[in-house]
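Reading through the structure tokens given below for one structure.
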Amino acid sequence: MSHSQAAAWPIGTGGFLRRLRGVAGNVRLTVIVCVVLICGSFASAALIQMRLDRAHALAQAQMFAQRRAQEIATDLSSSFERDAAIGAAFATAGTSAETSAALSEAGGAALKNIAVLDAYGGLHSEMTGAPRGLLPLSSETLAAARKGRTIIAARDGRSIALLFPVQGRIVAVQIDAALLLAPAAMSDVLLATPSGGILALGPGWSEIPGHAAAALDGTQASRIVRQHDGARLLSLQRVNGWPLVAGASLRVEDALGAWYSALPLYFFFILGPAFAGAALAVVFVRVFERQAKAWAAVKALRSTHPDEARLLVRLADAERRAVEAERAKARFVAHVSHELRTPLNAIIGFAEVIERSEFGAPGHPKYAEYARDIGAAGRELHAKIGAVLEYASSSAPREPPGTVPGTVDVGLVLRAVVNERRNSASERRLKLAVSAPESALVRGDDGTLSRILAHLLDNALAYTPSGGTVRVALGGDERGFVIGIRDTGLGFSAEEKSLAGRPFQRFPRPGSRGGMGLGMATAMALARRIDAAIRLSSLGGEGTLVELRLSAAPGQPLG
């Protein structure tokens, strides 16, 4: 680039380009910007198409309403011309009963009355009787009727009158508006003066529109009329030969019915690419980041010292071996659980068959005694193998990191575990007391929580001498819920407390057989799995208190 070209760039362009290259190098930001632009383009196109389709639907409805208004205006013009001819014939003919009957029959049911007035509005003659709600006429109406045709609404609101001059007199043809607009096709029709004064409304109108809605300066017009029951599309048409406007209307929501039914497709057109783009963005970002990390690792490895490189290789190999060891451990636990328990179950079952002499006497009393000893030893071995396998299974978390535990009613779980051990406690003359609220929701799963409580309660019962008491209490504080299990055993020394929780750590006590030393270790491993904590407090000769602290479920009130 020459000096003159470089001078042509505005000040700060170099910094802007560097920032732009930095943004382009950020994979996440680049993908997010691209997805936003693509989704924005789809959304804009869908919104534009929605507006065009809506305008097209309204235009079609307007065309239909205008055609209806033209047809109605043509029909009214023909009908009013006929009524005017009948009125002129009545004014010029004699006023005999036969003439009135013939003219009334020719006018049809909508023709209510014909009155002949003098130039000042005085009644000269009538066809069926004195017109109701029509006389007297105002001076403005008389002046307009003397000059030419005019139309007014009767004061009773049920009829309209056609006024026109004949031989120096004024003829008023009174028409029943209800019968005129009675057909179903006329339910949404209105009749008005060119200035917007409403003369008659069809039964489909719930309220009278304003003067501005029905006013017409030219020959025809269409507009939207807002009413309480919804908007209407109103098309107006001048009635040929009369100062009258005919209007045909339809509800806007009816006109846009097909457009409303297509709205889900528009939303799918907008949201579909958005969700698909977001999912692809997540996939692409993860792939790009993994490739970037791998390339960065290779680059860093190439730039390191050979000794450091060898150390990194050893660390990677050690990590791989650790992962393989965990997998081998899981396979071993699953395999041993099946291979050991299956023959033990057979030994225990056959020993019980011999002990109960189900297929006859064994031949010597000692055989039944030995079978009973074999069954007891098999059950004890089965329990110890189960404890070892359970500890091996509980030492590794099952859920991936970041998994949110479920919600469990710890009160129900606690009472179920206590009830399962009441018989064994009563056999050893131990008092088992429990105090817990009706419901307490905590984070965790019921299976894991039940196993933790079972191990803690079994330990308390095992280390409590005959005639003692084990108390279980569930309470809450500002940090969550705490389950306390207190026994009246001999307690633990400070050194024993520091060793509690280690696998295969046993603490012999007089009168207690104890176990393999895996109960507390398994309980602590399971507690870590559900983000719980176990605390042990004891004084030699004064019993032991084990507290299990659990996190309250969201929205659970604490005491």
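Listed values, structure above:
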{"item": "Helices (runs of 4 or more DSSP H) wholly inside region 201-278 containing at least 1 residues that are touching a Ser or Thr at 6+ places or on another chain (Cβ under 8 Å)", "result": "211-214"}
{"item": "Inter-residue pairs, beta-carbon under 7 Å, first more than 14 Å from G247 (Cβ to Cβ) and in region 69-88, second part of a helix (DSSP H, G or I), 6+ apart", "result": "D83/G107; I86/L103; I86/A106; I86/G107"}
{"item": "Of all residues making up region 264-316, the number that are modelled with pLDDT of 75 or more and charged (D, E, K, R)", "result": "4"}
{"item": "Residues within region 190-215 that are within 48 Å of the chain's Cα centre (by Cα), small (G, A, S), surrounded by 15 or more Cβ atoms within 10 Å (Cβ to Cβ) and closer than 20 Å to L180 by Cα, tallied", "result": "3"}
{"item": "Selection from region 253-288 of residues that are aromatic (F, W, Y), under 20 Å from the mean Cα position of the chain (by Cα) and closer than 17 Å to L52 by Cβ", "result": "Y266, F267, F269"}
{"item": "Breaking point among (1) touching a Leu at 6+ places or on another chain (Cβ under 6 Å); (2) farther than 18 Å from S78 by Cα, for D217", "result": "(1)"}
{"item": "Any hit, region 236-252, residues being under 45 Å from the mean Cα position of the chain (by Cα), of a type in the set (G, A, S) and either at positive phi or loosely packed, with under 14 Cβ neighbours inside 10 Å (or both)", "result": "no"}
{"item": "T193 vs. criteria β-branched (V, I, T) and out of contact with any helix residue (DSSP H, G or I) (no Cβ under 9 Å at 6 or more places or on another chain)", "result": "no"}
{"item": "Strands (runs of 3 or more DSSP E) completely within region 111-190 that count 3 or more residues being over 30 Å from V225 (Cα atoms)", "result": "111-117, 123-126, 159-166, 169-176"}
{"item": "Single unsatisfied condition, A473 versus (1) of a type in the set (G, A, S); (2) surrounded by fewer than 22 Cβ atoms within 10 Å (Cβ to Cβ); (3) out of contact with any Ser or Thr (no Cβ under 7 Å at 6 or more places or on another chain)", "result": "(3)"}
{"item": "Close pairs (9 angstrom Cβ cut-off, 6 or more residues apart or separate chains): not assigned by TED's automatic domain parsing to the domain that holds V413 in region 424-441, assigned to a strand (DSSP E or B) and at pLDDT 85 or above anywhere", "result": "none"}
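Residue-by-condition table, conditions (1) assigned to a helix (DSSP H, G or I); (2) closer than 17 Å to V546 by Cβ; (3) among the acidic types (D, E); (4) in contact with a helix residue (DSSP H, G or I) (Cβ under 7 Å, 6 or more places away or on another chain):
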| position | (1), (2), (3), (4) |
| --- | --- |
| V434 | no, yes, no, yes |
| S439 | no, no, no, yes |
| S450 | yes, yes, no, yes |
| L453 | yes, yes, no, yes |
| L456 | yes, yes, no, yes |
| A460 | yes, yes, no, no |
| S466 | no, no, no, no |
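The values are calculated or read from the model by the stated rules, or taken from the named source; none is laboratory data. In this text, all values refer to a predicted model and were calculated from it rather than measured experimentally. Using ideal geometry, Cβ is built from the backbone for each residue, glycine included, and neighbour counts are taken over all protein chains shown.
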